[in-house]
Amino acid sequence: MPVIRLFSPAESPGGTALARLASDVTELLELPDGHCWLWWQRLEPGTYYRPEWRAADVTPAPVGFVVCKETYSKEQVGALLRLVQGRLAELLEVRADDIYLTVQRAAEGELLVRDEVWFAHLEEEPPDMISGIVPIAYVHTDRTELSDDYWGDVTSVVRLDAERFTPEALLALDSFSHLEIVFHFHRVKPEKIHTGARHPRGNPEWPRAGIFAQRAKNRPNRIGVSRCRLLKVDGLDLHVRGLDAVDGTPVLDIKPYLRQFAPREEVVQPDWVDDLMRNYY
């Protein structure tokens, strides 16, 4: 959870305004309500030095310090900073580029949260817990809504992490027509995960099926696998069509699709699947 502390010689914009900003932050990071702490500290004259704050006819643009867990990605932190800067600029009617924000990442064991010291890797974790998985890329697309259908014509760019990869990692990939993308359903909140059976898409006209008998996004490890058409490779960018992942989706792996991996026998599936998938692509 982020902790945001703002400093300015100006009066606080008020608890309601700060509460709205905290709500925007929790929505952006998909956190439970109440998991962003934000406060305003008014500075007394003589306790600071920032030349532009000395002008009597200028509303002081605040400076801020953000503390968040080190597990947040660079993209999440960047989006968080842009959100806070933009909202404050609108709220205070100041220039966004006059607002200075800095981030401190809380390393494991250095953040006390609700009476428990936060650890990235708890000793109580199951022995088979898999850790250390870091996204290799992110999806960039105009599709932002978590809707179920009409993915066939959606175009996206899967952009590899330039700090970890060079274009050599994609050498010869353009000789394949299709890819399989393994990704994380990052916008599914933990409390929405299903571990039993349910009606697919909540439709009572379809029979209940176990979570492993359907491809719902609310699965225990929130991992998605999708096949899509590769349009072109451009540096670290993969231009694809038909990838059912929204903007900002973390990508865990990229594989060329090989027809030899298709089933050799007839594929059998229940009738409700045909209904569910009728408008999917």
**Request:** Tell me, yes or no, whether the range 252-259 has at least one residue that is in a loop (DSSP other than H, G, I, E, B), open to solvent by 50 Å² or more (accessible area, probe 1.4 Å) and farther than 21 Å from V154 by Cα.
**Result:** yes
**Message:** If a residue must be touching a helix residue (DSSP H, G or I) at 6+ places or on another chain (Cβ under 8 Å) and either open to solvent by 10 Å² or more (accessible area, probe 1.4 Å) or free of Cβ contacts under 8 Å to residues at least 60 places away in the same chain (or both), how many such residues does the range 228-246 contain?
**Reply:** 5
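Hey, does the range 180-198 have a residue that's of a type in the set (A, V, I, L, M), touching a residue at least 60 places away in the same chain (Cβ under 8 Å) and either touching a helix residue (DSSP H, G or I) at 6+ places or on another chain (Cβ under 6 Å) or closer than 21 Å to V246 by Cβ (or both)?
Yes, the conditions are met somewhere in the range 180-198.
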**Request:** Within the range 18-58, track down each residue that is over 19 Å from A79 (Cα atoms), out of contact with any strand residue (DSSP E or B) (no Cβ under 9 Å at 6 or more places or on another chain) and of a type outside the set (G, A, S).
**Result:** E44, P45, T47, Y49, P51, E52, R54, D57, V58
**Request:** Those residues that are outside any loop (DSSP other than H, G, I, E, B) and exposed (fewer than 10 other Cβ atoms within 10 Å of the Cβ), I need them from the range 262-274; list them, please.
**Result:** D271, D274
**Message:** Quick check on G86: is it over 30 Å from R241 (Cα atoms), at pLDDT 85 or above and out of contact with any Ser or Thr (no Cβ under 6 Å at 6 or more places or on another chain)?
**Reply:** yes
**Prompt:** Here is a list of conditions, (1) at pLDDT 95 or above; (2) within 22 Å of A79 (Cβ to Cβ), and A172 meets all of them except one; can you say which number that is?
**Reply:** (2)
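Based on what the data block shows, is E11 on the phi > 0 side of the Ramachandran plot, surrounded by fewer than 16 Cβ atoms within 10 Å (Cβ to Cβ) and touching a residue at least 24 places away in the same chain (Cβ under 8 Å)?
For E11, the condition - on the phi > 0 side of the Ramachandran plot, surrounded by fewer than 16 Cβ atoms within 10 Å (Cβ to Cβ) and touching a residue at least 24 places away in the same chain (Cβ under 8 Å) - is not met.
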**Item:** Whichever residue in the range 256-269 is touching a Phe, Trp or Tyr at 6+ places or on another chain (Cβ under 9 Å) and not aliphatic (A, V, I, L, M) and, among such residues, is nearest to V139 (Cα to Cα)
**Value:** P256
**Matching residues in the range 96-119 - criterion: being part of a loop (DSSP other than H, G, I, E, B), surrounded by 12 or more Cβ atoms within 10 Å (Cβ to Cβ) and modelled with pLDDT under 85** = A107, E108, E110, F119
**Request:** Give the residues of the range 136-163 that are outside any loop (DSSP other than H, G, I, E, B), among the polar types (S, T, N, Q) and within 15 Å of the chain's Cα centre (by Cα), sorted by residue number.
**Result:** T141
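The values are calculated or read from the model by the stated rules, or taken from the named source; none is laboratory data. Note that this is a predicted model, so its numbers are computed, not measured. Note that we place each Cβ from the backbone using ideal geometry, even for glycine, and neighbour counts take in every protein chain shown. We work out accessible area using only protein heavy atoms, side chains counted, and drop any ligands, DNA or RNA first. Shrake-Rupley method; radii C 1.70, N 1.55, O 1.52, S 1.80 Å.
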